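Written out below as C-alpha cells is the structure these notes cover.
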Amino acid sequence: EMTPEEIAFQERIDRGEKIEPKEWMPEGYRKTLIRQVGQHAHSEIVGQLPEGNWITRAPTLERKAILLAKVQDEAGHGLYLYSAAETLGVSRDELLEALHSGKMKYSSIFNYPTLTWADMGAVGWLVDGAAIMNQVPLQRTSYGPYSRAMIRICKEESFHQRQGYDIMMKMCAGTPEQKAMAQDALNRFWYPALMMFGPSDKDSVHSAQSMAWKIKMNTNDELRQKFVDQTVPQAKYLGLTVPDDNLVWNEEKGGHDFSEPDWAEFYDVIAGNGPCNAERLGARVTAWEEGAWFREGLVAHARKAEARRTS
Ligand code: FAQ
C-alpha cells in the first residue's frame, strides 16, 4: 500500500522530474541512493589502486603523464560522488567507516590484479568501457545531484576508455610478445568486466524497485548485452580473440549470444574473497590511518581561523 505522499512522489518520477536534496522522498529511495552512490564513490577511490600500481613503471614519460591524469580523474569522481551522497544526509566519514569495516561494497572488478602494462590497456578499454555503458543512462537518473555528477564524469570516462583502447592498439601493432600480452590481458579481464553489471536479472534483488524510482535506468542484463555488442567488433579490429567459444552473432535478436560469467566466482569476490580484496581494503585503511595527522591539522587550522574571525 502506498501512502498519498508516496503516490505523489512516484508521479513526479514518472513525469521525469528531478528530485532535489531538501525535498520529501521515501526512506527506501534515500537508502537505496546512499547505497548505490556510496558504492559508486568507493569504486572510484578503490579503482585508483590497480592502475596506481603501474604509474611508476609506465613505458614512456607520455604514458606516465596520461595514466597519472586518469588516476587523478578517478579521485575527482570519487569526491563528486561522496558530495552527492552527503546531500542525502550521510557524512563522508560514515561512508568511509562503512567501506573500511567491510559493510559497504565497491565494484568487484577492482579485486583483480594488474599484472602487466597491457592490463592498463584492458582496464581502460573494458573497465572504463563497462563503466560508461552503465553511467551514460545514469545521467538521466531521477536524483538531481547524482545525475549532474554523472554528466561530468561521463565526459572524462570516455577519454579514459579511448586511452585504454589506444594502449591496446599500440600493443597489438607491436612485437608478437606485446600482442600476446594484450591477448592475455583480454583473457583475464573479459569475464570480470561482464560481472561489473551485476548479477543476471533474475537474481538482481534491487533492480525492479530501483528502476521504478529511476535510480537505475536499465537492467543488468540489458547493459551487459550492449557492452558485449559494442566490444566484440573492437576486439576484432585489434585482431584479438574474446575468450568465449559460445560467442556468436544472433541475427534474430540482433545481438550476440555469449557465455555468462562464473556467478559463483562473482559472489565469492563480493563476499570479500577475491584475489585482491584484502590488499585493496588494506591499502585504503592504511591510507586513512596515515592521513590522520593531516585531517587533524586541517581541523586545528579551521578552528584557529574561526577564532581569529570571531575574536
Ligand atoms: N560489484 O540487486 P543488484 C568505476 C551487489 S565503475 C560489487 O543487481 P544493484 C569507474 C549489489 O551492490 C564501477 N557488488 O544491485 C572506474 C547488491 O549488494 P548489496 C562502479 C555488486 O545495486 C573505472 C547485490 O550485488 N559503478 O568505478 C556488483 O541494483 C576504471 C545485488 O545486485 C557503479 O557503481 C559488482 N559488480 O545493481 C574507476 C555504477 N554488482 O548492495 C577506476 C552505479 C552487484 O545489496 C578505473 N551502480 N553488486 O549488498 C549501479 O549501477 C548498480 O549498483 C549495479 C548493481 C549495476 C552495480
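We did not get these values from a lab; they are worked out from the coordinates using the rules stated. In this text, all values refer to a predicted model and were calculated from it rather than measured experimentally. Quick reminder, even Gly has a Cβ in these numbers, built from the backbone with ideal geometry, and neighbours come from all protein chains shown.
The set of residues in the range 249-267 being part of a loop (DSSP other than H, G, I, E, B) and among the small types (Gly, Ala, Ser) consists of 254, 259. Listed by position, the helices (runs of 4 or more DSSP H) inside the range 92-178 whose residues that are within 17 Å of residue 67 (Cβ to Cβ) and of a type in the set (S, T, N, Q) number at least 2 are 144-172. So, in the range 26-45, of the ones that are surrounded by 22 or more Cβ atoms within 10 Å (Cβ to Cβ) and closer than 11 Å to residue 143 by Cα, which residue ends up farthest from the ligand (Cβ to nearest atom)? Ranking the qualifying residues of the range 26-45, first place goes to 29. Sub-8 Å Cβ pairs linking a first residue in the range 220-245 that is free of Cβ contacts under 8 Å to residues at least 60 places away in the same chain to a second residue that is charged (D, E, K, R) and within 14 Å of the ligand (Cβ to nearest atom), at least 6 apart or interchain, are 220/201; 221/201, ordered by first then second residue. Please work out which residue is nearest to the ligand (Cβ to nearest atom), limiting yourself to the range 132-156 and to residues that are free of Cβ contacts under 8 Å to residues at least 40 places away in the same chain and in contact with a helix residue (DSSP H, G or I) (Cβ under 7 Å, 6 or more places away or on another chain). The extreme case among them is 135.
With respect to (1) touching a residue at least 40 places away in the same chain (Cβ under 8 Å); (2) more than 10 Å from the ligand (Cβ to nearest atom); (3) among the charged types (D, E, K, R), the lone exception for residue 64 is condition (1).
Residue check: residue 212 meets all listed conditions (1) more than 23 Å from residue 108 (Cα to Cα); (2) hydrophobic (A, V, I, L, M, F, W, C); (3) surrounded by 17 or more Cβ atoms within 10 Å (Cβ to Cβ) but one, namely (3).
On the stretch given as the range 109-131, residues that are near the ligand (Cβ under 9 Å from one of its atoms) and either surrounded by fewer than 18 Cβ atoms within 10 Å (Cβ to Cβ) or within 16 Å of residue 41 (Cβ to Cβ) (or both) total 3.
Residues in the range 179-204 that are small (Gly, Ala, Ser) and in contact (Cβ under 8 Å) with a residue 40 or more places away in the chain: 182, 185, 193, 200. Show the residue pairs meeting these rules: Cβ distance below 8 Å; 6+ apart or different chains; first residue within the range 285-299 and closer than 18 Å to residue 42 by Cβ; second residue surrounded by 10 or more Cβ atoms within 10 Å (Cβ to Cβ). From the range 285-299, the pairs are 285/100; 288/96; 288/100. Scanning the range 137-173 for residues that are crowded, with 16+ Cβ neighbours inside 10 Å and within 21 Å of residue 26 (Cα to Cα) gives 138, 141, 142, 143, 144, 145, 146, 147.
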